[in-house]
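A.B. asks: Okay, here's the structure, questions in a sec.
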Amino acid sequence: MRFQGDATRRDIRVPDAVPNISGTWLPMSSNRTISPLDGSATPFLPWAAAFFEQRKAAEAAGMPIFDPNASCLPSGVPRVIPTPYPLDIVQTPERTMIAIEVMHNYRVIHMNRSAPPADYPPSYLGYSVGRWEGDALVVTTTRLNGYTLVDEEGRPKSPALTVTERYVKRAPDVLEITYTIDDPKTYSRPWTA
C-alpha cells in the first residue's frame with residue numbers, strides 16, 4: 001500500500017544517516033482486503049478457510065457479523081495500516097511512533113530492542129521491534145492477542161501471528177508499506193501483502 005506525505009518534515013533528534021519517514025502520510029488508496037501480493041489465493045488452513053467462507057456467506061446474506069471494530073476495539077496489526085485515514089510517523093533514536101487516526105490508536109516501534117520483554121502481555125497492537133535494512137524500516141510485531149481479523153473481509157488470525165512490515169520511501173513524498181503474515185496456526189505458509 002502506498003501513502004503520500006510531506007517530504008520536508010524531519011524529526012530533529014534522528015541522525016541524518018537514518019532514512020527519514022517521519023511525517024503525516026495519507027493513503028493513496030484503501031482496501032478492505034489484505035491478500036497475497038503475488039495474486040495467489042490466501043493460503044488458509046482448513047479451519048481458517050471454513051471460517052472465512054462462513055463469514056463471507058453471512059455477509060452476502062445480510063446477516064450481522066461480529067467485527068471487533070464495530071465494538072470500537074482496536075483494528076490490530078496489520079489491519080490498522082490499510083485504512084482510509086492518515087498515519088503520523090514520529091522518529092526518535094530509541095522509538096518510532098505511528099499515530100493512527102482511526103480510533104486514535106498509536107503504535108510504538110522499539111528501535112533499541114531485539115525482542116519483547118518476556119512478561120509483555122498479548123494486546124491488540126502487539127509488541128513491535130524495528131531495525132533498518134538499508135533504506136527499509138523493518139518492523140516485526142509479535143504478542144498479538146488474536147481477537148481481531150487480518151482485514152475487514154474477515155481473514156482470521158491467531159495469537160501465534162508474526163507480522164513483518166517494510167516501510168520504504170519510493171519518492172520524497174511516497175511511502176510504501178508491505179507486510180508478511182506468518183501464522184502457522186492459521187495459514188499453510190507465510191504470505192506477503
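The values are calculated or read from the model by the stated rules, or taken from the named source; none is laboratory data. Treat the numbers as computed from the prediction; the structure is a model and nothing was measured. Cβ placement follows ideal geometry from the backbone for every residue including glycine, while neighbour counts extend to all protein chains displayed. Surface accessibility is based on the protein's heavy atoms, side chains included, excluding ligands, DNA and RNA. Shrake-Rupley method; radii C 1.70, N 1.55, O 1.52, S 1.80 Å.
A.B. asks: For region 142-190, how many residues meet the condition of being among the charged types (D, E, K, R) and touching a strand residue (DSSP E or B) at 6+ places or on another chain (Cβ under 6 Å)? So that I can check it myself, show each step before the final result.
C.D. replies: Taking region 142-190 first, the residues among the charged types (D, E, K, R) are 143, 151-153, 155, 157, 165-166, 169-170, 173, 176, 182-183, 185, 189.
Within this subset, residues satisfying the condition of being touching a strand residue (DSSP E or B) at 6+ places or on another chain (Cβ under 6 Å) are 143, 165-166, 169-170, 173, 176, 182.
Of the residues in region 142-190, 8 are among the charged types (D, E, K, R) and touching a strand residue (DSSP E or B) at 6+ places or on another chain (Cβ under 6 Å).
A.B. asks: Any idea which residue in region 131-148 is nearest to the chain's Cα centre (by Cα), counting only those that are among the aliphatic types (A, V, I, L, M) and within 14 Å of D182 (Cα to Cα)?
C.D. replies: As a first pass, look at region 131-148 and keep what is among the aliphatic types (A, V, I, L, M): 136-139, 144.
Next cut, within 14 Å of D182 (Cα to Cα) only: 139, 144.
Working: V139: 9, L144: 11 Å.
Restricting to residues being among the aliphatic types (A, V, I, L, M) and within 14 Å of D182 (Cα to Cα), the top hit is V139.
A.B. asks: I would also like to ask the following. Name every residue in region 159-184 that is under 16 Å from T141 (Cβ atoms) and of a type in the set (D, E, K, R), in order of residue number.
C.D. replies: Correct list: E165, R166, D182, D183.
A.B. asks: Kindly establish whether S71 is open to solvent by 30 Å² or more (accessible area, probe 1.4 Å) and either among the hydroxyl-bearing types (S, T, Y) or touching a His at 6+ places or on another chain (Cβ under 9 Å) (or both).
C.D. replies: Answer is yes for this residue.
A.B. asks: From the set of residues in region 92-130 that are open to solvent by 30 Å² or more (accessible area, probe 1.4 Å) and in contact with a helix residue (DSSP H, G or I) (Cβ under 9 Å, 6 or more places away or on another chain), which is farthest from P82 (Cα to Cα)?
C.D. replies: Going through the qualifying residues, I end up with Y124.
A.B. asks: Give me the pairs: first residue in region 21-38 and in contact (Cβ under 8 Å) with a residue 24 or more places away in the chain and closer than 12 Å to T83 by Cα, second residue of a type in the set (F, W, Y) and open to solvent by 60 Å² or more (accessible area, probe 1.4 Å), beta-carbon distance under 8 Å, and six or more apart or on different chains, which are they?
C.D. replies: P27/Y85
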